[in-house]
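Report on one structure; see the data block that follows.
The values are calculated or read from the model by the stated rules, or taken from the named source; none is laboratory data. Given the structure is predicted, the values throughout are model-derived calculations rather than measurements. Here the Cβ positions follow ideal geometry from the backbone for every residue, glycine too, while neighbour counts run over all protein chains shown. Ligands, DNA and RNA are excluded from the accessible area calculation, which covers all protein heavy atoms including side chains. Shrake-Rupley method; radii C 1.70, N 1.55, O 1.52, S 1.80 Å.
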Amino acid sequence: MANLETQVLIIGGGATGTGIARDLALRGIKCILAEKDDINAGASGANHGLLHSGSRYVASDAEAAIECREEGEILKRLAPHCIDNTGGIFAAVSGDDEKYISDFPSMCQKCGISAKPIDIKEAKELEPVLSEKTIAAYLTEDASIDPFMLSLENMAQAVSLGSSYMRHAKAIEFKIENGKIKYTKLINSKTGEETKVFAEQIVNAAGAWAGEMAELASVTIPMVYSKGSLVITQKRLTKRVINRLRKASDADILVPGGAVSIFGTTSIRINTLDAIYPTVEEVDFMISEGAKMVPILETTRYIRAYAGVRPLISLGAKKGDDRSVSRGFVLLDHTENGVDNFITITGGKLTTYRLMAEKTADLVCRHLGISATCKTREEPLPSTTHGKWTEPAMTPKMWMQKQKTDDILLCECEMISKSAVDSLIESAKQSGDPALKVLGLRSRIGKGPCQGAFCSLRIAAYMYDKGELNLDSGISDIKFFLNERWRGERPLQWGTPIIQSEIAEAIHCGFLSIEL
Amino acid sequence: MSRIELKCDLLVIGSGIAGMAASLFAANRGIKTIQIGKTNTLSFTSGLMDVLAVHPIEEKRLWKNPWDAIDTLKKDISGHPYSKVSKDTIEKAFKELVAFLKSADVPYANYQNKNVNIITPIGTLKPTFFVPESMLNGVSALEEKKPCLIIDFYNLKGFSALQIKETLKDKWQNLRTAQIKFLDSSKEQFAEQMAYDLEKPKNLDKLAKEISPHIKDAEILGIPAILGVKRHSSVLSKLQELLGVKVFEIPTIIPSVPGIRLKKAFEDKLQDIGVQSFYSQEVIQVFHKDDFVFDVTGAASMFKIRTKGVILSTGRFFGGGLSADREKITETIFNLEIYGPFLRKVWHELDFFAPRGHNINNCGIETDEYFHPIDKSGKVIFNNLYAVGSILAHNDWTRMKCGTGVSVATAYSAVNAFLNQKG
Ligand SMILES: Cc1cc2nc3c(=O)[nH]c(=O)nc-3n(C[C@H](O)[C@H](O)[C@H](O)COP(=O)(O)OP(=O)(O)OC[C@H]3O[C@@H](n4cnc5c(N)ncnc54)[C@H](O)[C@@H]3O)c2cc1C
Ligand SMILES: Cc1cc2nc3c(=O)[nH]c(=O)nc-3n(C[C@H](O)[C@H](O)[C@H](O)COP(=O)(O)OP(=O)(O)OC[C@H]3O[C@@H](n4cnc5c(N)ncnc54)[C@H](O)[C@@H]3O)c2cc1C
């Protein structure tokens, strides 16, 4: 068993964990980030990608609303390459709560959030897909954010400053001695190899899994889980983020993301974190509900669905639906529970990840007796090559610029060429063996209309040629990758997608007999 | 608006393997036949012809002998299309098809009347029955584990000889690989274009020269299926002669040259035997249902067809015979009754590769023993309409490995039923 030493071990590679890694690194503190799967495998890779202006929370949670406004402004300034500053529209349709509509501007004003009333005609001009039944509309400061690029860039900067990232490294045991975690045992989920990490401080940034993690140190965090599902449309439907102007509820946000739009969400209480996937029922419900605000949702083509889990910390029993359980974040110093060097940060939002990281790093510094101030409020997030392939138009742009006939496209839907795959492999190799899923996370591979049926085969063949795959590992790799994609396609099987999946099955089962 | 009206005895709708086979059988029996096909699905197929290899699918039970498998299948799944045909029918149907393909210079063969394993481009083994003759050498070479060289081509994507070698490592140690630049080109390569290029003797000579130095101790060469389209047999034998070793083809990911060979053979030769065929034309609606009258449309034309009988071989979702919206599955021309009123939430399994297969693959048209579509109560809907091929219910061909077999056998039965009824 290998032993590693570090100042800080961070468990969880979502926006929060990678944000903490960067924040600490900028303060001169080195860490190891251990992630059981890969960057953004949890909620950070399964959310709406909405950089909240705060308007959504003005009624339910003014404090969270203000945090969103402040953090949104900081991120637009310091990480503009991860953000599409679209602006937003809050729109109500006939039948929506009139009182909420009339209170909305003053609630926003109280939180210092801008909400400019516009008339219906103007709203329809700005966003023609809005319903004919729209009765009120406000312009807000909402924006769209690429969470993959965000986390990859945060981690990349931490790594450039001497920290390290371990993929497929699951924390499975804490060795506690004299009220301290002496070491943390990690297991590599691919190889089964175990590693002991001796760290002065351990940060639990495991999102919805934070409770499980704390349990390993015999600490109980009262958590409930709320699953939310989302669907991606094949085309971008609006320029701006559209919110239903009503008390925050299901199926009321439409966020543009590059060439597509993301619509959601649901809120379903679940008891375990084992099988998180979107269902047919959720998709059908969302479409019929959402069509009241944006009717085209009823007929537009969808390419993928996905689901994430919100960890909700039940601090005292509040009644009502899961949206009234706090969505603010919690930072817990487990010194109180008799474990001196263990901190948990969970809950919150993608929008507030930086603030969560700052507060966590402050506490880590206090524990370590180091006085170093936070830099992420002022320092821009550097743009590196690690994040760039997640951008929808990036690979085609690079390919067109180079115009080398030799550099053929391995993925035709998203125009990803051999040389792009080469650099993805290089980037992925910094934290373990490359696999299709690992490349898929760092790029748009498998995200086009073919949903991976063709590109999985072509890229696997190319990886064998490069010596990156051997024996029959490519077979399980292809199956694993396609099944991951399938989870998100399954609830959307009608119209064209059902044709696509029939072809995929004809090739992979009918012909290649990969299921045998 | 008055439009041209064509007349025939039998209209075959569909130009997949089922429609092609039905047109062939009809023409061979002297039936005045028109065939309409909207798209070309054949060049998407691998060119392999399955009869039956897996049953029950949840157990992944593989059969060496497809005929024994069919006997068991008939007992277990009474609705399967094979339960309506005899073994004799299947054999006769294939015999007639294979003879036709041989006359079109697309020779097919089978090996000891058993299912065979064909190496796929990802190194898995695909169990099937009739295979292009060019693939048969590979079957015995694998069984005997002969020293073999497999080549691939630079920039022919989705085909890596190394992948095949690695994946087959514990089954065939005697494999070596080499990568060749096709006719010195570093551009992207397309299988169909390569196949046409190799029909020119000077290109084939050049390729043989490239490959020769790599042969060494190999007794047989495996090559992506690019050895000619229309002049395939002569390209294959010439290459064997030039190299002095046996050569076998390995099918490629779609569009595949063996599929294209089938398509060309049918498109060229069915006309010769009297089928009036219209490809890239679509049947859009049906009027009359006694003598059927159809509206047909294509890029530059619109016409009517009056026919005494119809064979519906429009395939599933990919072919266009079925379509799905959020609530239901519909048959696209006659709005026939579809077996499988299941809810969408149970159409598909959570695991794409689930051994039991997806429920939706069992949906489709149910028929009587003559392949007349029936309604819920079991009543024949039109006694001059037949449904054949993959549109039939209870037939998960992708898991059972019975796609072409079911298409060909049901086409044969339906044509004969039509003939008997007419006469
Ligand atoms: C449906 C949905 C929509 C949302 N939409 C928005 C939105 O539009 N805007 C917004 O601001 N916020 C949104 N959120 C909230 C936001 O996504 C989350 O608050 C945020 O991503 C949480 O990040 P995290 O890093 O704390 O947790 P996560 O991203 O869940 O990261 C936790 C990580 O820990 C890893 N892990 C777990 N156990 C272990 C272990 N034992 N060892 C190692 N690693 C482990 C997991 O694999 C995971 O990657 C949404 C959430 C959901 C569910
Ligand atoms: C990727 C792939 C791999 C395969 N591999 C194998 C294999 O290894 N072994 C094997 O035995 N078989 C294989 N098959 C073939 C498979 O067996 C056949 O596709 C199947 O039997 C279906 O044949 P079909 O003729 O019923 O339907 P299809 O091939 O789907 O043909 C339907 C036809 O109907 C036409 N059509 C539909 N609606 C209309 C309309 N309104 N007007 C006019 N025309 C219309 C379509 O254009 C099409 O030509 C493969 C197929 C695919 C796609």
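Scanning the range A:1-26 for residues that are farther than 13 Å from A:TYR165 by Cβ and surrounded by fewer than 23 Cβ atoms within 10 Å (Cβ to Cβ) returns A:MET1, A:ALA2, A:ASN3, A:GLU5, A:GLN7, A:LEU26. Which members of the range B:309-322 meet the condition of being assigned to a strand (DSSP E or B) and either closer than 16 Å to B:VAL286 by Cβ or within 6 Å of ligand 2 (Cβ to nearest atom) (or both)? Selection gives B:GLY309, B:VAL310, B:ILE311, B:LEU312. Of all residues in the range B:101-115, at least one satisfies being buried (at least 24 other Cβ atoms within 10 Å of the Cβ), under 16 Å from B:LEU270 (Cβ atoms) and within 17 Å of the chain's Cα centre (by Cα).
What's the number of the only condition in (1) touching a helix residue (DSSP H, G or I) at 6+ places or on another chain (Cβ under 6 Å); (2) surrounded by fewer than 24 Cβ atoms within 10 Å (Cβ to Cβ) that A:ASN154 fails to meet? So A:ASN154 meets the others, but not (2).
Conditions (1) at pLDDT 85 or above; (2) among the hydrophobic types (A, V, I, L, M, F, W, C); (3) in the same structural domain as A:ASP465 (by TED's automatic domain parsing); (4) surrounded by 21 or more Cβ atoms within 10 Å (Cβ to Cβ), marked per residue:
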{"residue": "A:ARG377", "(1), (2), (3), (4)": "yes, no, no, no"}
{"residue": "A:THR385", "(1), (2), (3), (4)": "no, no, no, no"}
{"residue": "A:LYS388", "(1), (2), (3), (4)": "no, no, no, yes"}
{"residue": "A:ILE408", "(1), (2), (3), (4)": "yes, yes, yes, yes"}
{"residue": "A:SER419", "(1), (2), (3), (4)": "yes, no, yes, no"}
{"residue": "A:LYS429", "(1), (2), (3), (4)": "no, no, yes, no"}
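I'm trying to understand the selection: among the residues of the range B:50-62, which are within 30 Å of B:ARG261 (Cα to Cα) and within 12 Å of chain A (Cβ to nearest Cβ)? Result: B:ASP50, B:ALA53, B:VAL54, B:LEU62. Filtering the range A:472-481 to residues that are facing chain B (nearest Cβ under 7 Å), assigned to a helix (DSSP H, G or I) and open to solvent by 10 Å² or more (accessible area, probe 1.4 Å) leaves A:ILE475, A:LYS479. Looking only at residues of the range A:482-496 that are more than 7 Å from chain B (Cβ to nearest Cβ) and in contact with a helix residue (DSSP H, G or I) (Cβ under 7 Å, 6 or more places away or on another chain), we find that the one that is most open to solvent (accessible area, probe 1.4 Å) is A:GLU484.
The range A:242-309 holds strands (runs of 3 or more DSSP E) entirely within its bounds, and those carrying 1 or more residues that are in contact (Cβ under 8 Å) with a residue 24 or more places away in the chain, within 28 Å of A:ALA115 (Cβ to Cβ) and in contact with a Gly (Cβ under 9 Å, 6 or more places away or on another chain) map to A:253-257, A:260-264. Scanning the range A:61-81 for residues that are part of a helix (DSSP H, G or I) and of a type in the set (Asp, Glu) turns up A:GLU63, A:GLU67, A:GLU70, A:GLU71, A:GLU73. Scan the range B:157-204 for residues that are among the hydroxyl-bearing types (Ser, Thr, Tyr) and away from chain A (no Cβ under 13 Å) and jot them down. Within the range B:157-204, just B:TYR196 meets the criteria.
Residues in the range A:439-454 that are assigned to a loop (DSSP other than H, G, I, E, B) and more than 9 Å from chain B (Cβ to nearest Cβ): A:ARG442, A:SER443, A:ARG444, A:ILE445, A:GLY446, A:LYS447, A:GLY448, A:PRO449, A:CYS450, A:GLN451, A:GLY452, A:ALA453. Within the set B:PHE266, B:PHE303, the sole residue that is surrounded by fewer than 23 Cβ atoms within 10 Å (Cβ to Cβ), assigned by TED's automatic domain parsing to the domain that holds B:ILE13 and of a type in the set (Phe, Trp, Tyr) turns out to be B:PHE303. For A:PHE511, indicate whether it is within 15 Å of ligand 2 (Cβ to nearest atom) and of a type in the set (Phe, Trp, Tyr). In short, yes.
Of the residues making up the range B:397-423, just one is more than 17 Å from B:PHE129 (Cα to Cα) and charged (D, E, K, R), namely B:LYS422. Looking across the range B:334-358, just one residue is within 11 Å of chain A (Cβ to nearest Cβ) and in contact with a Gly (Cβ under 8 Å, 6 or more places away or on another chain), and that is B:GLU349. Scanning the range A:455-471 for residues that are closer than 29 Å to A:VAL280 by Cα and more than 7 Å from every other protein chain (Cβ to nearest Cβ) gives A:CYS455, A:SER456.
Looking across A:ILE89, A:ILE39, A:ILE29, one residue alone is in a loop (DSSP other than H, G, I, E, B), closer than 23 Å to A:LYS349 by Cα and open to solvent by less than 20 Å² (accessible area, probe 1.4 Å). It is A:ILE39. B:THR398 - would you say it is within 12 Å of ligand 2 (Cβ to nearest atom), within 21 Å of the chain's Cα centre (by Cα) and either closer than 14 Å to B:LEU312 by Cβ or modelled with pLDDT under 95 (or both)? The answer is no for B:THR398. Inside the range B:52-80, can you point out the residues that are hydrophobic (A, V, I, L, M, F, W, C) and outside any loop (DSSP other than H, G, I, E, B)? B:VAL54, B:ILE57, B:LEU62, B:TRP67, B:ALA69, B:ILE70, B:LEU73 - these are the residues of the range B:52-80 that are hydrophobic (A, V, I, L, M, F, W, C) and outside any loop (DSSP other than H, G, I, E, B).
Determine whether A:GLY162 is open to solvent by 20 Å² or more (accessible area, probe 1.4 Å) and in contact with a Gly (Cβ under 6 Å, 6 or more places away or on another chain). The answer is no for A:GLY162. Of all the residues in the range A:497-516, those that are farther than 19 Å from B:ILE391 by Cβ, more than 7 Å from chain B (Cβ to nearest Cβ) and hydroxyl-bearing (Ser, Thr, Tyr) number 0. In this structure, A:LYS227 does satisfy being touching a Ser or Thr at 6+ places or on another chain (Cβ under 8 Å), under 21 Å from A:LYS349 (Cβ atoms) and touching a residue at least 60 places away in the same chain (Cβ under 8 Å). For the range B:15-43, a residue qualifies if it is open to solvent by 10 Å² or more (accessible area, probe 1.4 Å), within 9 Å of ligand 2 (Cβ to nearest atom) and more than 15 Å from B:GLY259 (Cβ to Cβ), and exactly one does: B:LYS38. Residues in the range B:15-30 that are more than 13 Å from the chain's Cα centre (by Cα), over 19 Å from B:ASN383 (Cβ atoms) and of a type in the set (Gly, Ala, Ser): B:SER23, B:ALA27, B:GLY30.
Applying the criterion of at least 2 residues that are more than 14 Å from every other protein chain (Cβ to nearest Cβ) and either without any contact (Cβ under 8 Å) to a residue 40 or more places away in the chain or within 16 Å of ligand 2 (Cβ to nearest atom) (or both) to the strands (runs of 3 or more DSSP E) found wholly in the range A:102-155 leaves A:116-118. Note on the range B:359-405: residues that are in a loop (DSSP other than H, G, I, E, B) and either away from chain A (no Cβ under 14 Å) or in contact with a Gly (Cβ under 6 Å, 6 or more places away or on another chain) (or both) total 20.
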